[in-house]
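Report on the structure given below.
Every number in this text was worked out from the coordinates using simple rules, so none of it is lab data. From a predicted model like this one, the values you see are computed outputs, not experimental measurements. Reconstructed Cβ throughout: ideal geometry from the backbone, glycine too, with neighbour counts over all protein chains shown.
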Amino acid sequence: MKPVLFGAAALSMTMLGACARTDMAPAPVPAPGPSMVSANLMDANGRAMGTASVTQVGDSLRVAIDGMNLSPGAHGVHIHQVGLCTPPGFESAGPHWNPTNHQHGKDNPAGMHKGDLPNVLIGADGRGLIEYTVPMASLANLMDADGASIVVHATADDYRTDPSGNSGGRIACGVLR
């Protein structure tokens, strides 16, 4: 004769049976992505030209560029779509990061790319610093399969002209990691 379970014993056995069901197991939680990436900026000869970092802050990205060994004046700086910096011209970095398919520049009525950053102003000592927040952006989107890079241009960005603000050649590049 089979034993009959009553009360708490029956409930415990029922709950244990439910826990053993594999179709009820919770979905695995994906590992979180990085909260910060950085790059060493180098010129075509491999000389250090500064550093860059991109940090996730809420629903925005905080970008910091610390330039060095650059010529005095304003230089365009952009986040580029590909994490590859092949000298001498760094064309391998691809176009500006533009997940919203806009045109270039904060002053362009059809702009702006997510990768458009303010000019970095370089002093007589060859150094300059910018910090900028890219709103409504994520590292998960930026750091896709082909990565991303930071590029410093030879001249100032005019903040209007598509595709790169007439900011001249690419003089320094760093792959974000």
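As a summary of the residue check, G123 satisfies the conditions (1) touching a Leu at 6+ places or on another chain (Cβ under 8 Å); (2) surrounded by fewer than 23 Cβ atoms within 10 Å (Cβ to Cβ) except for the one numbered (1). Take I150 and tell me if it is surrounded by fewer than 23 Cβ atoms within 10 Å (Cβ to Cβ) and assigned to a strand (DSSP E or B). No; evaluated as a whole, the condition is false for this residue. Residue count for segment 39-63 satisfying the condition of being of a type outside the set (A, V, I, L, M) and in contact with a Gly (Cβ under 8 Å, 6 or more places away or on another chain): 3.
The set of residues in segment 42-58 that are crowded, with 16+ Cβ neighbours inside 10 Å, small (G, A, S) and assigned to a loop (DSSP other than H, G, I, E, B) contains only A44.
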